[in-house]
Amino acid sequence: DEGLQKTKTSFFDQLSKAVVGKATVDEAVLDDLETLLVHADVGIDTTVKVIDRIEKRVARDKYVNTSELDRILREEIVDLLQDNRTSGSSAILDRPDSPGQPFVIMVVGVNGVGKTTTIGKLAHRFHSAGKKVVLGAADTFRAAAVDQLIIWGQRVGVPVISHGMNTDPASVAYDAIKQGVDLGADVVIIDTAGRLHNKVNLMNELNKIKRVMQKVIPDAPHEVLLVLDGSTGQNAFLQAKEFTKATEVSALAITKLDGTAKGGVVIGISDQLQVPVRYIGVGEKMTDLQLFDRRTFVNSLFR
Ligand code: GDP
């Protein structure tokens, strides 16, 4: 897996070094493992949880060979992550076409994390599988966000509903969903502004967008996808905490995992927030988005 090369190499190298010359998993090995997980940005709480679980297994099985450590570690981490195959927008490609009933994804996240790029990649993912997609440019706070989304729409070949900059985001969302219904779209993806420095505003704005969406489709949005920049490690973690306080986040997209050795952040965030990771971004191209699979991901960390 080319995209995660950096994450993989570093984790594997360090794990191997931690057990060099040791036959069994002892206190020192667990200490090294703990340091390694923290350095990989798994986060302290989740790291402690993983180490506790491994300690229990070592205590139970009395003798755990260091060559088994890597397998045990994978099993415990896979177990912490949530299964993503059949839920939320992961299942859109398996949905039968149901004209007039689009699946609505509301995308949230702060500027610069790769929100617009992720929406473009998602549009490509669904469009290239034969699904009809409509995008809504409701991040009306930044001219660049609206322009970029329009460019992505042209690149992928899907319509973008936009009223321009500084217009009412809820009204854009309403029109995009209305268009989605009228055009018989399968998926409507709504971009939103993420201004974290004003939490009350953010909360009010996201709630207003939701309420207005529900005038067209009562159970929309079907997914609130939070986009986080995986290369920012613990900062991504803090953003995730703030957003989950402001609105109900149902899934995560974690970007820029191609450029970081800190892929462990995916594990910590998903575990601590109990929100499944749906997608990971592994580059800037349209095709650089992967559906998250916990086994594949963990194997690519430790292979
Ligand atoms: P936004 O402000 O959150 O909408 O962020 P953009 O979508 O404009 O992305 C910001 C920058 O990150 C751009 O240069 C993107 O090409 C880049 N980017 C987005 N996702 C990824 C990714 O998965 N990997 C890499 N390497 N770059 C990414």
Q: Note the angle between two axes, namely the Cα long axis of helix 44-61 and the longest principal axis of the Cα atoms of the chain, as a number of degrees from 0 to 90, rounded to the nearest 10.
A: 40
Q: Apply the Debye scattering formula to segment 1-140, with a single equal point scatterer on each alpha-carbon and no solvent, then give log10 I(q)/I(0) at q = 0.13, 0.16 Å⁻¹.
A: -0.77, -0.93
Q) Quick one: helix 27-39 against the long Cα principal axis of the chain, what's the angle to the nearest 10°, folded into 0 to 90? A) 20
**Q.** Relative packing of peptides 235-245, 260-270 - highest average C-beta neighbours within 10 Å first
**A.** 260-270, 235-245
Q) Tell me which aspartates and glutamates have Cα within less than 14 Å of Lys121's Cα, excluding those fewer than 8 residues away on the same chain? A) Asp191, Glu284, Asp288
Q) Too long at a 20 Å Cα-Cα cut-off: which of Lys178/Lys210; Lys208/Lys245; Lys132/Lys256; Lys132/Lys210? A) Lys132/Lys256; Lys132/Lys210
**Q.** Potential lengthening between Thr35 and Lys22 on full extension [0.36 nm per residue; Cα-Cα distance subtracted]
**A.** 3.0 nm
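Eigenvalues of the Cα gyration tensor times 5, then square-rooted: what semi-axes does that give for segment 228-293, in whole angstrom, largest first?
So the equivalent ellipsoid measures 19, 13, 10 Å along its semi-axes.
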Q. Per q in 0.09, 0.12, 0.21 1/Å, what log10 I(q)/I(0) does a Debye calculation on the alpha-carbon atoms of segment 52-210 return?
A. -0.42, -0.61, -1.30
(Q) Can you give me the accessible area per residue for the chain, using a 1.4 Å probe, in Å²? (A) 42
Q) Which percent of the accessible area of the chain is formed by carbon and sulfur heavy atoms (probe 1.4 angstrom)? A) 50
Q. Where a Cα-Cα gap under 17 Å defines reach, which aspartates and glutamates qualify for Lys285, not counting those fewer than 8 residues away within the same chain?
A. Asp1, Glu2, Asp229, Asp258
Q: For the chain, just run the numbers: alpha carbon Rg, then divide by 2.2 N^0.38 Å, N being how many residues it has.
A: 1.07
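The values are calculated or read from the model by the stated rules, or taken from the named source; none is laboratory data. This is a predicted model, so every value here is computed, not measured. Here the Cβ is made from the backbone with ideal geometry for all residues, glycine too, and neighbour counts use every protein chain on show. Accessible surface areas use protein heavy atoms only, side chains included; no ligands, DNA or RNA. Shrake-Rupley method; radii C 1.70, N 1.55, O 1.52, S 1.80 Å.
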